[in-house]
Amino acid sequence: MTDFFKSAKFDKNNKGGKEKAFYSLDELKKETDRLKRENAAWEKEFSHIIELREKATKLDKSGKYLEAIKIYNEAIQFGENSGRMKISNYAHDINRVIILYGKSKQIDLLKTFLERIIYDYPDYRDFEKWETRLSKIN
């Protein structure tokens, strides 16, 4: 049983317990409200990444690789600059940039991009795939 529920027990000999329970409920409400605000802010930022991704995907499918790369990079940069987003929120965009640099034969840019993400995200699950791809270029 948590401290909150322990403090919520009322008994006629414990006059201070009732006040403490209301204090705990108030704190719980404040924390819930804070989490709701944080979730709404995260959702707004993630929606922006999704909008950019959808725009880039359309360009990608129509063969406009350079324009798609630009938009995917914008999504990546937005995610990296966010205090709320994690790489898992924009990893798809990273992988699309890698693919499109290859399709558009921009090997020097691909190499630079891979070196940067390998350096920036050494603990990410795709790290080994990125290293393998970089080693094939070198």
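One table, with the values for the structure above:
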{"quantity": "Hey, ILE137 in contact with a Leu (Cβ under 8 Å, 6 or more places away or on another chain), hydrophobic (A, V, I, L, M, F, W, C) and at pLDDT below 95 or not", "calculated": "yes"}
{"quantity": "Test for SER104: is it at pLDDT 95 or above, in contact with a helix residue (DSSP H, G or I) (Cβ under 7 Å, 6 or more places away or on another chain) and among the polar types (S, T, N, Q)", "calculated": "yes"}
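The values are calculated or read from the model by the stated rules, or taken from the named source; none is laboratory data. From a predicted model like this one, the values you see are computed outputs, not experimental measurements. Positions of Cβ are generated from backbone atoms using ideal geometry, with glycine treated the same way; all protein chains shown enter the neighbour counts.
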